[in-house]
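Just below is one structure, and these are the notes that go with it.
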């Protein structure tokens, strides 16, 4: 914690000495809400270094969203440091823990404890994450414990408990049997629980109740125009309307909802492009390209990555490796998957010559961000020797990592590479495997240092 405080202090002093204006907490919050994370982070860092707990929470909110495991851990440390000093800290920490894949029993218990504390102190946003954590415990699901708690919260007038009950039905597999009850509940609580818009849209569409759906959409638009309904609620409803799993798709209506929020919700441009791709009657290649370019223009990293992928694959848009590289670089660092596609461009020589340095760098970042396909690509890179010296030990190690993450190609690559290894090579495999697992666990390694042992193979 001391090292974190010193680091924050250094960053804060750097900001104060390099800028004409003092850091501003309100500006930081506004920038964060508007998606300007760079401005938000700079102001939060400076104020956190001075001990402002609200700034520590704001900075942590940004850090835990980073693809970097090390930054996520810094964010978690800030949440923990704010416990007892801010009423926001327990819920933020509990939500962060609840969002983790494959929670341990200890993590689950801590998340539940923190979220319960926040709920007891009046933060209703803790209820749904708390239910989410409880649903991971099969005994609580089968014993009726969650049902009883949800009924208690409903009796207290907590609208979020209605959605908790819906989550319970989904986990138990009896959602369809309770559809009539879900419809009735969501209609009654719609004003307090705006998440019910998407639930009701799906139910109305499945039941082919066009009159109810039209009335719901009128209310949704009016609520949005009045500022009572957030853009992401319209986004969720639009996706429901476009999904054929819910009945006859209403693609044109979905398009209108996406267009309504696009000026303030940058990723809606990506949704418009995806919708147009799925429903060609809404437009063609020119429209898809225009939507994505508008998304890039207003700062959507998702739009930049999608556009880069299209130029890379050459299926929807004409293949253009230079344009693909440009947009994929633009998507970083918010879209860690862009590293994988950049690694493929450089390893396959799509820009001309194979660039093994850049390929290795980007594929390693992608692999350490949890992308098993990047491990497969690294195994192939070291196994095939295109622009790089063949190293069966490295190739087998990355194939092992791919297999451990469930990639089917991992085992196939292991079987293909095994005959190239000598008995003594497996000790090197174990050593490199341990090093990679440490790096993926958040060990502070720079790309230059962490790839150094491999650079001799280039």
Checklist outcome for this item: Along principal axes, largest first, the alpha-carbon spread of the range 29-179 in whole Å comes out as 52, 31, 29
Checklist entry - Which FRET efficiency value, to the nearest 0.05, is calculated for residue 329 and residue 181 with the Förster distance at 51 angstrom and r the Cβ-Cβ distance? => result 0.50
Checklist entry - When the Debye formula is applied to the Cα atoms of the range 194-265, each taken as the same point scatterer, what base-10 log of I(q)/I(0) results at q = 0.23, 0.25 Å⁻¹? => result -0.98, -1.15
Next on the checklist: Quick check: the angle from helix 425-440's long axis to the longest principal axis of the chain, C-alpha only, nearest 10 degrees?
Outcome noted: 40 degrees
Next on the checklist: For the range 355-397 and the range 179-220, what is the centre-to-centre distance using only Cα atoms, to the nearest Å?
Outcome noted: 49 Å
Checklist entry - FRET efficiency for residue 188 and residue 420, Cβ-Cβ distance as r, R0 = 51 Å, nearest 0.05? => result 0.20
Checklist entry - If you take the beta carbon distance between residue 152 and residue 208 as r and set R0 to 41 Å, what does 1/(1 + (r/R0)^6) give as a FRET efficiency, to the nearest 0.05? => result 0.70
Item to check | For the range 105-193, convex hull volume per residue from C-alpha positions, Å³ | outcome: 84 Å³
Checklist entry - In Å, what Rg and Dmax follow from the Cα atoms of the range 361-433? => result 11.1, 31
Checklist entry - Using Cα pairs under 8 angstrom and six or more residues apart, how large is the relative contact order of the chain, in percent? => result 7 percent
Checklist entry - In 10 Å bins starting at 0, how do the alpha-carbon pair distances of the range 118-245 split up by percent? => result 12, 41, 34, 12, 1
Next on the checklist: With volume of the Cα convex hull per residue in Å³ as the read-out, I listed (i) 171; (ii) 184; (iii) 229; which label goes with the value calculated from this structure?
Outcome noted: (ii)
Next on the checklist: Considering only C-alpha atoms, what is the centroid distance from the range 68-101 to the range 275-334, in Å?
Outcome noted: 34 Å
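Any read-out appearing in this document is the output of simple, stated calculations on the displayed coordinates, not a laboratory observation. Bear in mind the structure is a predicted one, so any value in this text is a computation, not a measurement. So basically every Cβ, Gly included, is an ideal-geometry build from the backbone, and we count neighbours across all protein chains shown.
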